[in-house]
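Below you'll find the structure, written out as structure tokens, and then a few comments.
Values in this text are rule-based calculations from the coordinates and carry no lab data. Quick caveat, the model's predicted, so the values are computed rather than measured. When we count neighbours, we look across all protein chains shown, and the Cβ atoms used for this are built from the backbone with ideal geometry, even at glycine.
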Amino acid sequence: IGNVGGEPNVHTFDNDKSIVKISLATGESYEVDGEKVTNTEWHSVVFFNGLADIAKKYLAKGVKLYVEGKLKTKSNQRLKSK
């Protein structure tokens, strides 16, 4: 559960297929030595086809969103082999 971090990035293709990309902010708060600490994590979420159509219709910056599904993390760094 988190909040949409910006306006959705919508891509529509010639065959009427869509992809919608959003950033989602999730957070947790806790106390350390009586002081409140808040950590925010940012996630990239991609919706395809039918879910993309729903995302286009209902998502906007600040909307609270629950996401359930496969989690896949990509890294921009490539491992060098020796």
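Structural remarks
- Inter-label distance for residue 41 and residue 28, nm, one decimal - labels placed 7 Å from Cα along Cα-to-Cβ: 0.7 nm
- Comparing 40, 20, 4 along the charge dipole axis of the chain, the residue lying farthest to the positive side is 20, per the Cβ-charge model.
- Kirkwood Rh, angstrom, the chain [1 / mean 1/r, Cα pairs]: 14.9 Å
- Rounded FRET efficiency, nearest 0.05, which uses the C-beta distance separating residue 14 from residue 54 and R0 of 22 Å: 0.55
- For the chain, size of Cβ-based charge dipole, Lys and Arg +1, Asp and Glu -1, in debye: 560 debye
- Taking each residue as 0.36 nm, the span from residue 61 to residue 73 lengthens on full extension beyond its C-alpha to C-alpha distance by 2.1 nm.
- Karplus (6.51, -1.76, 1.60) ³J(HN,Hα), θ = phi - 60°, over region 9-19, in Hz, Gly and Pro reported as x: 9, 9, 10, 10, 9, 4, 8, 6, 8, 10, 10
- Among the trypsin sites (Lys or Arg not before Pro) in region 1-81, those located in a DSSP loop and surrounded by at most 15 other Cβ atoms within 10 Å of their own Cβ are 17, 61, 70, 72, 74, 78, 80.
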